[in-house]
Structure formats: C-alpha cells, structure tokens
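Report on the following structure.
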C-alpha cells in the first residue's frame, strides 16, 4: 500500500454518492429508494438481512448493474457512463466470482495489476494476506479461504482510492478473519475509503465508522455503530434471577422498558439507564434479592434485529 | 477505449491457459493433421480418382482437415471455455476492471482462431511432406477463405455460448453442432464427391461453402465469389445473433 497524504480535507465531495437508487427484477423492487454518501477515508458499512438489496446496491456502484432510477457518483463520475475511469479508482471484491481455474496466484495478480496505470506492489500484499506460499498454485487448487484472500488482494492491486468489499470474510476461519480486519484497518489508515457489505455484526461494529442498515430495499437507519445501538429501543440489558416472583404489572410499568423475557427463573429486561435505576428501586422496595444481576450494553446485533424487525426480544413487549 | 475490448495482458494469460489444456492442444492442433496422416496411409487414397477430377483423395482431404481444426476450435473449444467463464463469474470479475469483459471475449477469439490457423499449417505441412500434396495454388484466396471460415466458426461458437447457460449445455450443444459442421466440411465425404443435389445444399452452409472455396484455391483458382459470399453472409448473421443474445453474466 502506498502511503498517501490525508485526503479528508480534499473537499466536501463524498467519494461515493448514492441518491434515491431504485432497481427492480421482474417487477419486484430489490432496491427501493436507497440514498447514502460515503466520505473520503471512512469505512462505511452496509448491513442488512439476506435479500435486503445490499449486493444489488453495491453492484450498481460498481457499474455492473444499470439502475432503474436514481443517481450514483463515484469520485464524481457515473459508474456506467464513465466505467473505465471509475474502475481505475475503485477496487472490487465480489460476493461470488471465480478466476480461470488454471491461472496461478502470481499470474492473476500480474494480470490484474496490468489493468491499472499505477498498480500497487502485489508482493507485500500477498505477504499480508498469507498467500506468499501459494504464488505458483493454480486458482482451482486453492482452498475457499485462500481464494477469498486472493480476491481481496485483487481488489487492492490497482492501488484504488476506494474499495468495495462484499461479504469480505465469508469462508474465512476466525484467525484469517481477524487478520483481514487488521488489513482493512491498515487500508483505511493509508487513506483508502472502504465500502463494506457484511452480515457479521462483530465485523461491522469493529471496522465501520458509519453503517447503513438496509432492509427490504430501503435504508432503515444510518449512523455510527454506537449511535445505532443507542437509538435501538433496548440499548441496555438487565438480567437477574429474583428470589421471589415480581409483580408483572409493576415490571411492565417500568420507565423506558423495551422488552421483558422470562426464561426459567431468570428475567431479562431491556431498556434504558432509567430502566436500570427503576428496577433496582423496585427490587429494594419489594425486598426481592436479585441473584446474578448483570447489566450490559446491547450489541449491534440487538440494534440490528430491532431495526430490521426480523425477530428478537422487542416483539415480546405487550402493547 | 480500445484497451477495453483488447488487452495484451489478457491475451497473454489466455494463450498460457490454452497451453495448459491438453484436450484443446490435441483435438484442435494435432487431431486434424493426425487424421490426414491416417487417411493418407490408406493406399487407395493416394491414387488418382477420376470422380474427383483426377485428384487423389488425400489431396481433397487437406482442405477438409484444415477446416476440421477451425470447426473443433470454434464449436467445441471456445463455447465451452467462454460459457464456463460466464457461469463461474470470471467475466463478471473482469467487468469490474478498467478492461471490461469484452477483452476476455476478444482474447478467446484470437486464441482459438490462432490455434485453428496453426492446426491448418500443420495439416498443410503433413500433406506436403508426407503425401506430396501441392501447397495451395492460390495462397491469397486460400488464406481469405480460411479466415472467413474461421470468423464464421468463431461467430457460431460465440452464438452457441450465448445460447448455453452452463458449460454442460455448451458441451452438448457443441457436440450436436460439431457433426453437421464436420459433415458439411466434407469429413465423411468431400463436397467434391457428394451427389449434385447434396453438394448444392451443403454449398449453402458456412462450412460447405468454405470447403468449396478452399478446394478452388487449393487447385490454383480464385475461390468462387458465391462461396466466399455465403461464408461471409453466415459470419455476419451469426455475429449479429451472438451480439443479440450474448450475456456477460
């Protein structure tokens, strides 16, 4: 990776700008009015359940698909009309693709480097990605994780200003996943903007500066990971085993309460800081002892389930 | 702009990959010359035959085997490879680079077209060296007919790939197209030896017409314009159809 000057102050223009993007397949909308802007130098995550329209959105950004409506700009250029210039600054890792089975790792890197006027040196890249032992191995003989790492290397070999990584660490073992996360952090540190499609909460929480949660073709929320957690209904989770049953009416009347769950003798409540104080007051007032009391912050997982309404404890709140 | 439809690095990689396919090397490059060698070793094939206008069967079979390489490359080799590239997202991956997937299509055409020409040279060399077959009397006309036949065949290959969703289908469709194409080229019975009506019908097919054109040029005449026009018309038609239906993913 070439060191480069910070570009954050280069100007107000976002690196990727998606405005009211729409795309249907056979009359069924896959992307239904998605808008977001990725700023220079940030890691921007697109998070969503399967079939939410994440991949279609980034494929439009990559110029692989022509939008039905809406506007996309990558460094100010239209990815369809200006494909060649966009492709020079945009590195891409597709969710599903392969290479010619008999092409070796070295040949693939040399080939893809040849497409760019000023490619990155691929040797340090292969070392970072743990591929230096596989340079003469044919693509067809690589393991799933090695193929994935090669595609990450190919996305970076053109020394891009922005990379789009779709399901980056799928198929990687936990160790390789963590190494890859470190690599993404290094990429960001070198000034490259990253658009990351993922369904791993941990990955999104660790890597992303901001996240757009996409659900059923629309942006359900757009915020920092911490902001998403904060704004979810049950940002704080309180769980304990009460020494005596609690009055259900009093529990349901707790301020800020988002959900209640009983499992065996254990009670799990989610809500706000206010809920925590109210629970403790309630316990003290009714002389109930709380065994194994735990107060934890909700994770991005909880926020995600809350936002996309797929399932989760929030649905158990009685109206 | 030209770099997006033709790229030397893509061509180099595809040549390298072609050399790693023993099946292609054998069936496209060696098999036609080998077949000529086998046919030529039959003694009766080396005797002048009045029904062939005094030519020996082996003389007539040189253009046939030249065409055979073209047909195997265009109908069996290219559609399979290209369909596999599409099926496995290789074209898609290439489409996200500044070079675009068209560079892969053009490289495939050049590689298989080039292999067919090498195969043709080999067949000519075997004919000349082993069986004393005279080299084409009208080399320019011969080359023109051969190039037209190769273009028609590559266009047919692109069309077959366009119509096949998977490599399996491409293989099946390719095999189905291979035998009629070989028949028209005269592998079983050279066009010159076919009954008039059959020869007339076959003369309207791309490979029948190409076989006639090559036969004319081998004998030292300028290939008939009708034959060249028929091959060229097929090339245009097949290219248009391939362009209409070809999908990158």
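Values in this text are rule-based calculations from the coordinates and carry no lab data. Note that this is a predicted model, so its numbers are computed, not measured. All Cβ positions, glycine included, derive from the backbone under ideal geometry; neighbour counts span all protein chains shown.
Largest GNM mean-square fluctuation across A:149, A:22, A:65, computed for chain A with C-alpha springs under 10 Å, falls on A:65.
Short-range pairs are left out: with C-alpha atoms under 8 Å and at least six residues apart, the relative contact order of chain A is 19 percent. Using bins of 10 Å that start at zero, the share of Cα-Cα pairs per bin across the protein assembly as shown amounts to 3, 15, 20, 17, 14, 12, 8, 5, 3, 2, 1, 0, in whole %.
Against chain B, whose longest principal axis is taken from its Cα atoms, helix B:57-71 shows a tilt of about 10°.
If you sort the three axes of the alpha carbon gyration tensor as a ≥ b ≥ c, you get a/c of 1.5 or more for the stretch B:180-244 and a/b no higher than b/c, which makes it oblate.
Annotation: the antiparallel percentage among DSSP beta bridges lying fully within the stretch A:16-223 is about 55. When all alpha carbon pairs of chain B are counted in 5 Å bins from zero, the resulting P(r) reads 1, 7, 14, 18, 19, 15, 11, 7, 4, 2, 1, 0, 0 %. Per residue of A:56-62, other chain Cβ atoms within 10 Å of the residue Cβ number 1 on average.
Here the label points at residue A:261 and residue A:121, each 7 Å from Cα along the C-beta direction, are separated by 5.1 nm in the simple model.
Taking the C-alpha atoms only, the angle from helix A:174-189 to the longest principal axis of chain A is near 70 degrees.
Between residue A:185 and residue A:69, the FRET efficiency estimated from the beta carbon spacing at R0 = 30 angstrom works out to 0.25. If you wrap the Cα atoms of chain A in a convex hull and average its projected area over all directions, you get 19.7 nm². Taking a ≥ b ≥ c as the square roots of the Cα gyration tensor eigenvalues, with a/c under 1.5 meaning rounded and otherwise prolate when a/b beats b/c, else oblate, which class fits the stretch A:192-264? Prolate, because a/c is 1.5 or more and a/b exceeds b/c.
For chain A, find the longest principal axis of its Cα atoms and tell me its angle to the long axis of helix A:273-285, 0 to 90°, nearest 10. In chain A, helix A:273-285 runs at an angle near 30 degrees to the longest axis. Projected label points at residue B:25 and residue B:6, each 7 Å from Cα along the beta carbon direction, are separated by 2.8 nanometres. From the Cα gyration tensor of the stretch A:231-316, with a ≥ b ≥ c the square roots of its eigenvalues, which class applies: rounded if a/c is under 1.5, or else prolate if a/b is larger than b/c, or else oblate? It comes out prolate by the Cα gyration axes.
Given the options A:188, A:210, A:123, state which has the largest fluctuation in a GNM of chain A using a 10 Å cut-off (strictly under) for Cα springs. Highest fluctuation among the options: A:123.
Given a cut-off of under 8 Å on Cα pairs at least six residues apart, what relative contact order in percent is computed for the stretch B:25-126? Relative contact order of the stretch B:25-126: 41 percent. Per-residue ellipticity at 222 nm from helix content only, as computed over chain A with -39500 (n - 2.57) for each DSSP H run of at least four residues, stands at -9000 deg cm²/dmol. Under the criterion of Cα pairs below 8 Å and six or more residues apart, the relative contact order for the stretch B:2-245 equals 26 percent. Of all DSSP-defined beta bridges confined to the protein assembly as shown, some 65% are antiparallel rather than parallel.
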